[in-house]
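Please treat every number below as a calculation from the coordinates, not as lab data. Keep in mind it's a predicted model, so treat the numbers as computed, not measured. With ideal geometry, Cβ positions are generated from the backbone for all residues, glycine too; neighbour counts draw on all protein chains shown.
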Amino acid sequence: MMEPFRNEPFTDFSVAGNRRSFDAALRAVKGELGQCYEPLVGGKRVSPPPRWIDSYCPADKSLLVGKVGAADASLAAQAVQAAWDAFPSWSAVQPEARARYLYKAAALLRRRKHEFSAWMVWEAGKNWAEADADTAEAIDFLEFYAREMERLAAPQPLNRTRGEDNELYYVPLGVGVVIPPWNFPLAIVAGMTCAALVAGNTVVLKPSSLTPVVAARFVRLLQEAGLPDGVLQFVPGNGSEVGDTLVGHPLTRFVSFTGSREVGLHINELAARIAPGQRWIKRVIAEMGGKDAIVVDRSADLELAADGIVASAFGFAGQKCSACSRAIVHRDVYDEVLKLTAERAERLAVGHPADPASFVGPVIDAKAYRRILRYIETGKSEGRLVCGGDAGDPAGYYIRPTIFADVDSKARIAQEEIFGPVVAFMRANDFAQALELANDTDYGLTGAVYSRDRTHLERAREAFHVGNLYFNRKCTGALVGVHPFGGFNMSGTDSKAGGRDYLLLLTQAKLVSEKW
């Protein structure tokens, strides 16, 4: 029996030995850049693939991280069929045995922690701490979901009746399509994929085209852990071709998606259509972003609040669905909080993520870079630019941390998800208005309140409509098993990744009753 779940510790980079080990991993991984990774279907690598995706380092646009084979619609359909063919044997594997594959993968990943983190530095532009946290979260997902499957496999409590034997089982659904994002290229890939696998489903994984190398290396790790051929297919490719083929296929039973609202709604609509030969209603598990707010009450610790806004808004250059993009501050302390936040933002080191001194690295690619800069230009007419507002080193996709003040709640930069290092400050006349402004968005993912007023905290507990609400701490950094993660409204389908109910979304309950 495994010990109780505990979160994987983060690496302490103040320790010289840890810094040396991580630097060595960065150099070793850099020596492996430029390799090729083929699609995987039915346990066989597809070579040559229909085409190749070139993945470049966002911190150094000329540096090729790797070439990943991309599927076309035909290969995508073959992948679903291969997963369907493997489902009967994999679903028959005992849940405890399926869990052991995850435990083995977690052990392998723990031994190679710095290696996988280094890959994220080069491909996703994560700084040391962000990459390390991503790898730790991936380990957490493996360990947590393995234990959750064991819990669900145990006898389930039922009311008993005389003369009958009644048992409730959680059985797998079938073929799942997993479409993860680029911003957590290991943690979310591992969590979405392995939750589906440990529940007894077979999976077709279509990674983001922006970070496919990290995903390809994780697939190799699962193979090393002994995962049987055909249980997991790896098919990178274009969303409109490969993604639509996978989602619309009649043998697809469910889709797990994390990404933009636009794509999530498209997947939901496509999955709702019944294809010829389809015998079920497809499930969609979608996490679609946020427009998250931190509320600062006049009773708050203002230094602590400023720290929380900066960490939440500018960690990983604001490229988190949980990132703070709105700061809603009581008018009595508005100027002071704005000043403290701007001072901290100005001191943040913007630079190459391989440099341990860098806090803000690049945004992910040229498309994101141009989009964020357009929002900044829009912000100049919707608010007062306090700091930032410009690009950094042209060798990469760098944008300086940007703060706009005096923004109206209906402004575009206060309503639309920017997904970059931009935060809009808004003034609230009182706490009630602050909560109204916080809820004035289509999303409902994360939020935070800084206050020493217990009455106000209790009011926010009920009225602040988000899936993850934090008091007197930042609104990013959810821990598996501690802060089950997922939001309301246009933030998704109310799933809670890393929570005790998540595997229920990937299984179906079957009751067997025998009368004596």
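Out of all DSSP beta bridges with both ends in the stretch 292-479, state the antiparallel percent to the nearest 5. Here the antiparallel bridges make up roughly 15 percent for the stretch 292-479. 3J(HN,Hα) along the stretch 203-218, derived from phi through the Karplus expression 6.51 cos²θ - 1.76 cosθ + 1.60 where θ = phi - 60°, amounts to 10, 10, 9, 10, x, 5, 6, 8, 9, x, 5, 4, 4, 4, 6, 5 Hz, with x in place of Gly and Pro.
Residues whose amide H comes within less than 5 Å of that of Gly492, counting only those at least five positions distant or on another chain, are Met288 (H built at 1.01 Å from N in the peptide plane).
Rounded to the nearest 20 debye, the dipole magnitude of the stretch 108-257 is 140 debye, with +1 charges on Lys and Arg beta carbons, -1 on Asp and Glu beta carbons, and the Cα centre as origin.
The order of the peptides 270-277, 345-352, 325-332 by mean Cβ neighbours within 10 Å, most packed first, is 325-332, 345-352, 270-277.
All Cα-Cα distances of the chain, cut into 20 Å bins from zero to the largest, leave 23, 55, 21, 1 percent in each bin in turn. When peptides 63-71, 92-100 are sorted by average Cβ neighbour count within 10 Å, with the highest value leading, the order is 63-71, 92-100.
Each peptide in 472-481, 253-262, 185-194 gets a packing score, the mean of other Cβ atoms within 10 Å over its residues, and the list from highest to lowest is 185-194, 253-262, 472-481. Inter-label distance, Asp408 to Asp393: 4.0 nm, where each label sits 7 Å from its Cα along the C-beta direction. Just add up the charged neighbours of Met490: K/R +1, D/E -1, any other residue whose Cβ is under 10 Å from the Cβ of Met490. Residues near Met490 contribute 0 overall. Ordered by the number of other Cβ atoms lying within 10 Å of each residue's own Cβ, fewest first, His266, His249 fall into the sequence His266, His249.
Please report the antiparallel percentage of the DSSP beta bridges confined to the stretch 29-182, to the nearest 5.
75 percent
Here is how the number arises for the chain: DSSP H runs of 4 or more residues each give -39500 (n - 2.57), the sum is divided by the residue count, and the result at 222 nm is -12000 deg cm²/dmol. Remark: the stretch 138-278 projects, on average over all directions, an area of 10.8 nm² (convex hull of Cα atoms). Here the convex hull built on the C-alpha positions of the stretch 292-479 has a volume of 106 cubic angstrom per residue. Separation of the stretch 1-75 from the stretch 197-246 is 13 Å, based on Cα centroids. Using the Karplus relation 6.51 cos²θ - 1.76 cosθ + 1.60 with θ = phi - 60°, the per-residue 3J(HN,Hα) values for the stretch 352-368 come to 4, x, 5, 7, x, 7, 7, 9, 9, x, x, 7, 6, 7, 5, 5, 5 Hz, with x marking Gly and Pro.
With both residues required to sit in the chain, DSSP beta bridges show an antiparallel share near 40%.
Considering only Cα-Cα distances, which of the following residue pairs are longer than 30 Å: Lys206/Lys496; Lys44/Lys510; Lys44/Lys320; Lys67/Lys126; Lys206/Lys380; Lys67/Lys367?
Lys44/Lys510; Lys44/Lys320; Lys206/Lys380
Going by neighbour counts of Cβ atoms within 10 Å, the residues Lys126, Lys380, Lys282, Lys104 line up, fewest first, as Lys380, Lys104, Lys282, Lys126.
For Val235, neighbours were defined as the other residues whose beta-carbon sits under 12 Å from its Cβ, and their charges (Lys and Arg +1, Asp and Glu -1) total -1. Excluding Ser47 itself, calculate the net charge of residues whose Cβ lies under 14 Å from the Cβ of Ser47, where each Lys or Arg counts +1 and each Asp or Glu counts -1. With Lys, Arg at +1 and Asp, Glu at -1, the net is +3. Along the stretch 297-303 the Karplus relation, 6.51 cos²θ - 1.76 cosθ + 1.60 evaluated at θ = phi - 60°, assigns HN-Hα couplings of 7, 5, 8, 5, 6, 5, 5 Hz to successive residues, with x for each Gly and Pro. Applying a DSSP loop filter and a limit of 16 other Cβ atoms within 10 Å to the chymotrypsin sites (Phe, Trp or Tyr not before Pro) in the stretch 1-108 leaves Phe5, Phe10, Phe13. The alpha-carbon atoms of the stretch 323-366, seen along their principal axes, cover 41, 21, 14 angstrom, with the largest extent given first. Restriction of the trypsin sites (Lys or Arg not before Pro) in the stretch 1-38 to DSSP coil positions whose beta-carbon has at most 10 other beta-carbons within 10 angstrom yields Arg6.
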